[in-house]
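Inspection log for the structure reproduced underneath, given as structure tokens.
Each value in this text was obtained by applying a stated rule to the coordinates, not by laboratory testing. Treat the numbers as computed from the prediction; the structure is a model and nothing was measured. Here Cβ is always computed from backbone atoms with ideal geometry, including for glycine, and neighbour counts include all displayed protein chains.
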Amino acid sequence: MIDLHATPQNLPDWPLHLIRERLSANYHGDFEHWLRAVQSLPIAAAQKRAYGDTVSAEMTGDQNTLQTVERALQQLHPWRKGPFRIGDLHIDTEWRSDWKWQRLSQPLGDLSQQRVLDIGCGNGYFGWRALHAGASEVIGIDPTILFCMQHQAIQRFLGDARNWVLPIKVEELPSSVQFDLTLSMGVLYHRRHPLQHVQHLFDLTTAGGRCVLESLVVTTPETLYPADRYARMRNVWCVPSTEQVLQWMRQAGFDQVQIIDVSTTTLDEQRSTEWMRFDSLADCLDCNDSSRTVEGLPAPVRAICIGIRPR
């Protein structure tokens, strides 16, 4: 298993003190509970692993072993991004993240020998997909400690040190670090200063590299600034128009900026499951008009934008 406090060897400037501080019981009261769940899992690097739509690992063992694994992984509830499969155990996550990757995979193409940064990576699902597309290494960052522990749990079975999930914020990344592909998927609308976030993306993308920015959007000309909540979420500061996203990308310095997909989020793509038992999209929409949220705002639509940092 990868050391919780380890960092990629070719990035010596990572803020080790922050990682060590956050991966401790002093930082989060549930940390020891999550750590015990991870440590109860068998260390069994898969003889066969697959990073397709369902990220999976073969696992040998009797029914008792599988039940032990399921109980431990359920201790890391809720599972947002996926799906995953460990042996015969299917982790049916809230999001069908494979659908989002399918919209993106053809425009991205072959990622051979590319280093990828995934900002707000959750449990690292998109990192596995990027490796499947040929990436040499994926660094995921997400300040939510639970997601880091979910990644550690999956690593008990996959044992692949090319995909990292580290508990830090984008603002804490070393200024010297740049990547061939930078992903920001589902982050922009949570930022108080969205243009500043896009500028961070530009700074973290190497010359000639690409950036993928995926966000909630509105299809009207005017950007939406929710007065209170959006789809029951408190921390949505703006839902930009598609033109606003393009403008921010160009203003930050990206070239050849384009929207490659606009999709309405459906109840099949985001929903409650036994692995995410909290309220989900269905509980956030007007029960009489699915085109509106419970607050009367436009229902979630998501757009994917790609830009290139000029050489």
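Some observations on this one:
- Environment charge of Tyr27, counting only residues whose C-beta is closer than 12 Å and scoring Lys/Arg +1, Asp/Glu -1: -1
- Whole-Hz Karplus values for segment 255-272 come out as 10, 6, 6, 8, 8, 9, 7, 9, 9, 6, 6, 9, 6, 7, 8, 9, 7, 6 Hz, taken residue by residue from phi with 6.51 cos²θ - 1.76 cosθ + 1.60 and θ = phi - 60°; glycine and proline positions read x.
- Label separation (Ser136 vs Leu35): 3.4 nm, computed from points 7 Å beyond Cα along the C-beta direction.
- Annotation: amide H of Asn163 within the under-5 Å range of Val138, sequence separation 5 or more or interchain, hydrogens built in the peptide plane.
- Between Ala227 and Gln196, the contour length at 0.36 nm per residue exceeds the alpha carbon distance by 9.0 nm.
- FRET E, pair Ser263, Asn64, Förster distance 30 Å, beta-carbon r, rounded to 0.05: 0.10
- Gyration tensor verdict on the chain (Cα atoms; rounded if a/c is under 1.5, prolate if a/b is larger than b/c, oblate otherwise): oblate
- Low-density loop cleavage sites - GluC sites (Glu not before Pro) in segment 40-102, where at most 13 other Cβ are within 10 Å (DSSP): none
- Applying both filters, DSSP loop and at most 10 other Cβ atoms within 10 Å, to the trypsin sites (Lys or Arg not before Pro) of segment 226-282 gives Arg234.
- Alpha carbon centroid spacing (whole Å) that separates segment 118-183 from segment 58-113: 15 Å
- Using 0.36 nm per residue and subtracting the Cα-Cα separation, the extra length available between Ser105 and Glu243 on full extension is 47.4 nm.
- Among the GluC sites (Glu not before Pro) found in segment 260-311, those both in a DSSP coil and sparsely packed, with 16 or fewer other Cβ atoms within 10 Å of their Cβ, are Glu274, Glu295.
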